[in-house]
Amino acid sequence: MELCLDYARETQNLGVERVADRMGLASHWVIYKWMEEGGMPARHIRSFEHACGATYVTRYIAASAHMLLIDLPIGRHAVPQDIQTVQEACTAAVGSLLAFYAGRADADETHAALTVALEQLAAERCEVERYTTPELPFDQP
């Protein structure tokens, strides 16, 4: 929750009061209470993340359940930059894996690199599956 609030503060200049207002909460003290307790009701997670502009809470929940998250595929055409990004992530993951087994990298660093590569590969896999039936671009004017 703190990461989401930090992101909102840095990117949108939003304080806790404005985040609470965007969520429709009666008082911003509720957010402080959730942070003190280390949790919030599940029904408020999406509105909190939407108000902050970050999905760190959802990603934390998925990671703690040993699951990967990917953006919903829309069946778009890939551009060379997309493939380059996947290639870079895979190269970094393999390099980190080699360094880990050689004793030059720690487990957290290696885990993070592997997760990034797996997420990007899974996203592209879904894009390929949906390529023949793309969705309408509702998010574009």
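The values are calculated or read from the model by the stated rules, or taken from the named source; none is laboratory data. The shown structure was predicted, so the numbers you read here are calculated from the model rather than taken from an experiment. So basically every Cβ, Gly included, is an ideal-geometry build from the backbone, and we count neighbours across all protein chains shown.
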Checklist entry - Here is a list of conditions, (1) in contact (Cβ under 8 Å) with a residue 24 or more places away in the chain; (2) out of contact with any Lys or Arg (no Cβ under 7 Å at 6 or more places or on another chain); (3) within 30 Å of ARG130 (Cα to Cα), and LEU69 meets all of them except one; can you say which number that is? => result (2)
Checklist outcome for this item: Checked pairs for region 101-112, first closer than 16 Å to THR91 by Cβ, second assigned to a helix (DSSP H, G or I) and among the small types (Gly, Ala, Ser), C-beta under 6 Å and 6 or more apart or across chains, list as ALA105/SER96; ALA105/ALA99; THR110/SER96
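Yes or no, residue by residue, for (1) assigned by TED's automatic domain parsing to the domain that holds ASP108; (2) within 28 Å of ALA113 (Cβ to Cβ); (3) hydroxyl-bearing (Ser, Thr, Tyr); (4) assigned to a helix (DSSP H, G or I):
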| residue | (1), (2), (3), (4) |
| --- | --- |
| LYS33 | no, no, no, yes |
| ARG46 | no, no, no, yes |
| VAL57 | no, yes, no, yes |
| TYR60 | no, yes, yes, yes |
Checklist entry - Can ARG22 be described as farther than 21 Å from ASP108 by Cβ, in contact (Cβ under 8 Å) with a residue 24 or more places away in the chain, part of a helix (DSSP H, G or I) and out of contact with any strand residue (DSSP E or B) (no Cβ under 9 Å at 6 or more places or on another chain)? => result yes
Checklist entry - Pick from region 78-102 the residues that are among the small types (Gly, Ala, Ser) and exposed (fewer than 15 other Cβ atoms within 10 Å of the Cβ): which of them is nearest to the chain's Cα centre (by Cα)? => result ALA78
Checklist entry - Is there a residue being modelled with pLDDT under 85, surrounded by 15 or more Cβ atoms within 10 Å (Cβ to Cβ) and more than 13 Å from the chain's Cα centre (by Cα) anywhere in region 108-128? => result yes
Checklist outcome for this item: Inside region 76-102, the number of residues satisfying the requirement of being assigned to a helix (DSSP H, G or I), touching a helix residue (DSSP H, G or I) at 6+ places or on another chain (Cβ under 7 Å) and not aromatic (Phe, Trp, Tyr) is 8
Checklist entry - Can you name the condition, by its number, that ALA105 falls short on among (1) in a helix (DSSP H, G or I); (2) over 18 Å from LEU68 (Cβ atoms)? => result (1)
Item to check | For GLY75: the one exception among (1) surrounded by 13 or more Cβ atoms within 10 Å (Cβ to Cβ); (2) on the phi > 0 side of the Ramachandran plot; (3) modelled with pLDDT of 90 or more; (4) not assigned by TED's automatic domain parsing to the domain that holds GLN12 | outcome: (3)
Checklist entry - What single numbered condition from (1) without any contact (Cβ under 8 Å) to a residue 40 or more places away in the chain; (2) touching a Lys or Arg at 6+ places or on another chain (Cβ under 6 Å) fails to hold for ALA51? => result (1)
Checklist entry - Which residue out of GLN87, GLN81 is at negative phi and at pLDDT 95 or above? => result GLN87
Next on the checklist: Given the criteria out of contact with any strand residue (DSSP E or B) (no Cβ under 6 Å at 6 or more places or on another chain), without any contact (Cβ under 8 Å) to a residue 60 or more places away in the chain and more than 30 Å from ASP108 (Cα to Cα), does VAL57 qualify?
Outcome noted: no
